[in-house]
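**Q** Right, I'll just put the structure down here and ask away after.
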């Protein structure tokens, strides 16, 4: 049993807690040991706090012994992305411009709800500075690496969360997604990443990116994504965009329903960008599974041209606002690439911005009508497997040319639709992601389709050996890791 703990789904952990066959303390001890083993190689955490984690696990153990679990995830380790507020821990956003030495006495909605459901917090995961790009490196924490291949990125901006889940450090992690930041890492790491309908999960503090920013679950199984969505969804008065609770128990209904007769659009290019051959082949194999499950699958492109220019114009306005809020001293500490992008925002004219807002409205209307014809849309999550983690001089996908290899995810931030990435194959030894996008507000249909595919294919990909990571870990192994323990543990 202990040998299986690192890769047990959250749903399985809860079942074993309930039966008295496993303890939350045993599980968090595995979590902490695994983090200390691999953190020096993958660099997925900005901080971790063993003392708090063990205290929370002991409290959970006591509740289970009394047969009084606190909630859906009592005793389950959950990694928190360092874009969410957590009482007692700093929120640094991958930036050296934010002082850790201040009062941290508030939880974001997602953190508060996970705490309410009994989740065990043990650390916060890395993000690029202010979540600005689809790879995870920052002036604060350096480069986060993909456990499948340490030369590759886990994606971004939720790259630390994805790497932690993939490496078996934890079964669940919080991700945020303003242009693909959950789904890109999910695809690059071969895990499940759900961007719910905008507003399904309340966001606070508000994102610099405004109403394209989502919070959602990252996991190794669809059922785990469903139970985590149950735990974190719902309104919060601090987020005026947040939706009323839909009263759906996703964990109970994710296995229900059938794909038989569902009208599903397939689009390997989304109408504007061709994936590499390995991705297209994996996508076409996945589509055949949906057809075999009884779906009516029809080629149909939702877009005539790339919506990326619309997204970029709106994002540049947000970036310019971000830079204006900084002092000259703070700007000198920031990622130069982020500063350059922010300064480009100053050149966006009022006319360009207003036109982009109007184009977004037209885009949303067109996609809403597209989904009058279809229940779901299948497409690749990314046109490539994982890009390189470090800047390169050549044209291979890397942090220097990321705008050329992230075309598919941001359109569904503009339109607010639920969209989930699940693994569907491998290319060059790296995972390939399938993106399942649904009608606005129909998160359940997306999760049910992903679960049906997962069950039909047995999608539980081999875990990366990680043995090669050990060569990259400084000795003693936990020296660098322990430097990340926060001064305050007042959770």
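**Q** Taking the Cα-to-Cβ direction at residue 116 and at residue 463 and moving 7 Å from each Cα, how far apart do the two end points lie in nm?
**A** With each label point 7 Å from Cα toward Cβ, the separation is 3.2 nm.
**Q** While we're looking at this one, here's another question. How much length would be gained if the chain were fully extended between residue 361 and residue 440, taking 0.36 nm per residue of separation minus their Cα-Cα distance, in nm to one decimal? Kindly include the intermediate steps, with their values, before the conclusion.
**A** Details: separation 79, 0.36 × 79 = 28.44 nm, distance 1.43 nm.
Taking 0.36 nm per residue and subtracting the Cα distance, the gain is 27.0 nm.
**Q** Which value in nm describes the separation of the simple spin-label points at residue 105 and residue 352, placed 7 Å from the Cα toward the beta carbon?
**A** Label at residue 105, label at residue 352, 4.4 nm between them.
**Q** Right, another one. Here are several values of Rg/Rh (Cα atoms, Kirkwood Rh): [x] 1.06; [y] 0.94; [z] 1.04. Which one was derived from the coordinates shown?
**A** [y]
**Q** Additional query: Which order do the peptides 16-22, 74-80 take when ranked by the mean count of other beta-carbon atoms within 10 Å per residue, highest first?
**A** Values: 16-22: 15.4, 74-80: 28.3.
The packing order, highest mean first, is 74-80, 16-22.
**Q** Can you order the peptides 427-433, 188-194 by their average number of other Cβ atoms within 10 Å per residue, highest first? Provide the component values of the computation, followed by the final result.
**A** Numbers: 427-433: 21.7, 188-194: 32.0.
Per-residue Cβ counts within 10 Å, averaged per peptide and sorted highest first, yield 188-194, 427-433.
**Q** Now for a separate question. In which sequence would 450, 342 go, from the one with the fewest C-beta neighbours within 10 Å to the one with the most?
**A** Values: 450 27, 342 23.
In increasing order of surrounding Cβ atoms, one gets 342, 450.
**Q** When you count, for each residue, the other Cβ atoms within 10 Å and take the mean per peptide, how do 255-263, 39-47 rank with the highest first? Can you show the working numbers first?
**A** Working: 255-263: 13.9, 39-47: 24.9.
The peptides rank, most packed first, as 39-47, 255-263.
**Q** Report the antiparallel proportion of the DSSP beta bridges in the chain as a percent, rounded to a multiple of 5. Working shown, then result.
**A** On the way: 32 of 46 bridges.
Expressed as a percentage, antiparallel bridges in the chain total about 70.
**Q** Rounded to the nearest 500 deg cm²/dmol, what is the calculated helix-only ellipticity per residue at 222 nm for the chain, with -39500 (n - 2.57) per DSSP H run of length n ≥ 4? Let's see the in-between values first.
**A** Numbers: 16 runs with 178 residues, N = 491.
Roughly -11000 deg cm²/dmol at 222 nm, from the helical runs in the chain.
**Q** Moving on to the next point. Fully extended, how many nm does the chain gain between residue 372 and residue 55 (0.36 nm per residue separation, minus their Cα-Cα distance)?
**A** On the way: separation 317, 0.36 × 317 = 114.12 nm, distance 5.03 nm.
So the chain would gain 109.1 nm between residue 372 and residue 55.
**Q** Which stretch or stretches of segment 191-209 have amide N atoms under 17 Å from the point lying 7 Å from residue 238's Cα along the Cα→Cβ direction?
**A** Only 199-209 fall inside the zone, counting backbone N under 17 Å.
**Q** Once label points are set 7 Å from the Cα along Cα→Cβ at both residue 274 and residue 332, what is their separation, rounded to one decimal in nm?
**A** For residue 274 paired with residue 332, the spin-label model returns 5.0 nm.
**Q** Still on this structure, please answer the following. Subtract the Cα-Cα distance of residue 96 and residue 68 from 0.36 nm times their separation in residues, and report this length gain in nm to one decimal. Each step should come with its number before you reach the end.
**A** On the way: separation 28, 0.36 × 28 = 10.08 nm, distance 4.24 nm.
Value of the extension gain: 5.8 nm.
**Q** Further question: Taking R0 as 22 Å, what FRET efficiency do you get between residue 456 and residue 263 from their Cβ-Cβ distance, rounded to the nearest 0.05?
**A** With R0 = 22 Å, the Cβ-Cβ based efficiency is 0.75.
**Q** Also, I was wondering about something else. Order these by the 10 Å Cβ neighbour count, fewest first: 238, 251, 145. Show your work: numbers first, answer last.
**A** On the way: 238 14, 251 20, 145 25.
By the 10 Å Cβ count, ascending, the order reads 238, 251, 145.
**Q** Between segment 175-237 and segment 264-283, how far is it from one alpha carbon centroid to the other, in angstrom?
**A** 23 Å
**Q** For 382, 228, what's the fewest-to-most ordering of other Cβ within 10 Å of each Cβ? Walk me through the intermediate numbers first.
**A** On the way: 382 29, 228 33.
Lowest count first: 382, 228.
Read-outs: derived from the displayed coordinates by stated rules, not from any lab. These numbers were taken from a predicted model, which means no experiment stands behind them. Heads up, the Cβs are rebuilt from the backbone with ideal geometry, glycines too, and the neighbour counts pull from every protein chain shown.
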